[in-house]
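Input: a single structure, listed below in structure tokens.
Readers should treat all values here as calculations from the given coordinates under stated rules, not as data from a laboratory. A quick note: this is a predicted structure, and the numbers were derived from the prediction, not measured. Ideal geometry is used to build each Cβ from the backbone, glycine not excepted, and the neighbour counts take in all protein chains shown.
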Amino acid sequence: MARANRAFLRRAVGYLVDAGIRQFLDIGSGIPTAGNVHEIAQKAAPDARVVYVDIDPQAVMESLEILDGNPYASAVQGDLRDAAAILRSPAVRRLLDFRQPVGLLIVSVLHFVPEDGPAYDAVAHLVGALPSGSYLALSHAASEAFDHLFQQSANKDDVYRQQTPTPGTSRTREEVERFFAGLDMVKPGLVRLGEWRPDPADPEAGGHGAWAGIGRKA
């Protein structure tokens, strides 16, 4: 699933660069690995600007080490649930021009915000700060793929919390669609992770345990 999410991220960033996006806000970026957003974007557009945001200080520190000497990319510590603080970050204000379209990336992170109110409010706040022509790229664990694992339990979230130190939840396709409220969906719409514009050369085209899509702010 992690590899399939990275494959979707690569395809999404490639699509956004082709669509003319030159600045990216990647929230929940995690520990740096192969195929980082700045590597993909700056290979196609050397002046592309990227700000990574993660709640884990270790992930931010490692990101800053990788980005040392790159004037067009930075990393900051932030909590998705506090969207206003992310937008006020000096690095975000310095690198991203909110008068121009932005690619907002929220890949495989919203299921770690189990409460619906904070999750939907955070995305709405971030999208609301973006100018017309911006995009939201998002993937999210699919309830439809996991519910059968919890048939013995009255509450699948309780089982999940017993198995991981990071509380989270899955959401249905309809629930994930709500994150794109007011946006124009890019074809093929909200689909299984590996079905979003699959690359025949991509060995990680699977990942049916998550929903994925991109929406454009008109």
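Which ones in the stretch 169-200 are in contact (Cβ under 8 Å) with a residue 40 or more places away in the chain, within 22 Å of ALA145 (Cα to Cα) and exposed (fewer than 15 other Cβ atoms within 10 Å of the Cβ)?
ARG178
Within the stretch 122-141, which residues are touching a Gly at 6+ places or on another chain (Cβ under 9 Å), closer than 22 Å to THR172 by Cα and outside any strand (DSSP E or B)?
Residues satisfying the conditions are ALA124, VAL127.
Counting only residues that are within 28 Å of ALA142 (Cα to Cα) and of a type in the set (S, T, N, Q), give me the strands (runs of 3 or more DSSP E) lying completely in the stretch 1-118 with at least 1 of them.
Working: elements: 23-27, 49-54, 73-77, 103-107.
By residue number, 73-77.
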